[in-house]
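The values are calculated or read from the model by the stated rules, or taken from the named source; none is laboratory data. Just so it is clear, the structure is predicted and the values come from calculations on it, not from any experiment. Heads up, the Cβs are rebuilt from the backbone with ideal geometry, glycines too, and the neighbour counts pull from every protein chain shown. Ligands, DNA and RNA are excluded from the accessible area calculation, which covers all protein heavy atoms including side chains. Shrake-Rupley method; radii C 1.70, N 1.55, O 1.52, S 1.80 Å.
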Amino acid sequence: MAKRIFFPARGEVDLEEFAPKSPAADEVLVKTRYSLMSIGTETTILHAKYDPQSHFARMFSFPQRKTGVQSIAEVCETGSEVTEFKPGDLIFMRHAHTSHWTLPARLCSAVPAHLDLKQACWCGLAKTAFRAAFAAPFQLGEEVLIVGAGPVGQMALRWATVAGMATVAVADLSAKRLTLAQAGGATHTFEGPLDTIADQLMAATGGKGFATVVDSTGNPQVLPQALGVAAPFGKIILLGDAGHPNRQCLSSDMMTKGLTITATHDHQDRGGWTQRRIDQLFFQHMASGAFRLDGLITHEFRPTDYQEAYALSSDRREDAVGILFDWTAI
């Protein structure tokens, strides 16, 4: 029997058996090798940390079986109309933490076999962060401040580095996460709450502030603080998805500086940048070494150790960046 991690009720995690269906003509049946947790999103869903009017409430309920969004798997069986994949091929998919899954072939991306398959799991959050890179846009020789060095922030700073930005500053509460940010190409790091390090951030830009500020935290309290360290006529990119958007408030900096706020979300295909196109670009950067991912997977668990994994992500998330489930023994 196949197995999957699910949330039976608020704050509860379990592992259940199920029977995956046979693939239809346009589908593939795959066996997962590795899946990577999206810490912020998954804990928001698990603990229902969102407003009743939020999109989280519209999309998720309990029992919740869509618990993950990024996995590397091997094709086991293909439908009669599938020509682009065959058994044994490696694919990336954006689906739950599960040992097996049946899904349309069009939702899969081919993964080069020579890549580190655990690191390739970052493809999902790299796509999320790419939305901010495109919306900003990240440009050669420019400057950016990325607030939050969690999983999405780590991917955002790597897109900024690949884009050739001159200043890639990162602010976070965790020294451990900032060390990983430096390894990924951050030119400046700042530790502490944004409101307490504002003077340091302004000093780093000669007092003018940052032309682009990316808020990847999902913390509604960060927005007015981000406005405070933005340069006149600068842009704030909301990348972190707040479960309580009604708590996000503007400050007078919005008007006096003439700032622009741009929200971006994982599902928004802008400029023809689809999931597959971004996946291909990410894998190219992985292969060339441009995306430095060593050390980002900070913890690995067997799926049977799900309780420990989610306790870490819920209670000690500052100690973790990449939490990986290894399904190869299931």
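Structure values in brief
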{"read-out": "Environment charge at V168 (Cβ cut-off 14 Å; Lys +1, Arg +1, Asp -1, Glu -1)", "value": "-1"}
{"read-out": "Viscosity 1.567 mPa s, 4 °C: Kirkwood-radius Stokes-Einstein D of the range 145-192 over Cα pairs, µm²/s", "value": "130 µm²/s"}
{"read-out": "Euclidean distance between Cα centres, the range 38-78 to the range 276-330, Å", "value": "16 Å"}
{"read-out": "Distance (nanometres) between label positions extended 7 Å along Cα→Cβ at F233 and Q139", "value": "1.1 nm"}
{"read-out": "Solvent-accessible heavy-atom area per residue, rounded to whole Å², over the range 137-255 at 1.4 Å", "value": "39 Å²"}
{"read-out": "Heavy-atom surface of the range 49-129, accessible at 1.4 Å and reported per residue (Å²)", "value": "42 Å²"}
{"read-out": "Farthest positive-ward along the range 159-302 dipole, Cα basis, beta-carbon charges - from H299, H285, N219", "value": "H285"}
{"read-out": "Accessible carbon and sulfur surface of the chain relative to its total accessible area, %, 1.4 Å", "value": "51 percent"}
{"read-out": "Average Cα contact separation per residue, the range 114-175, under 8 Å, 6 or more apart, as relative contact order %", "value": "36 percent"}
{"read-out": "222 nm mean residue ellipticity, helices alone, for the chain (DSSP H n ≥ 4; -39,500 (n - 2.57); rounded to 500)", "value": "-7500 deg cm²/dmol"}
{"read-out": "Neighbourhood charge, 12 Å Cβ-Cβ cut-off, centred on V82 and excluding it, Lys, Arg +1 and Asp, Glu -1", "value": "-4"}
{"read-out": "Which label in (i) 126; (ii) 248; (iii) 224 gives the computed volume of the Cα convex hull per residue in Å³", "value": "(i)"}
{"read-out": "Shape category assigned to the range 160-221 from the gyration tensor of Cα positions, a/c cut at 1.5", "value": "rounded"}
{"read-out": "Gain in span if fully extended, T256 to D294, counting 0.36 nm per residue against the direct Cα distance", "value": "9.5 nm"}
{"read-out": "Low-density loop positions, GluC sites (Glu not before Pro), the range 43-128 - DSSP coil, at most 14 other Cβ in 10 Å", "value": "E81, E84"}
{"read-out": "Fraction of beta bridges assigned by DSSP in the chain that are antiparallel (%, nearest 5)", "value": "55 percent"}
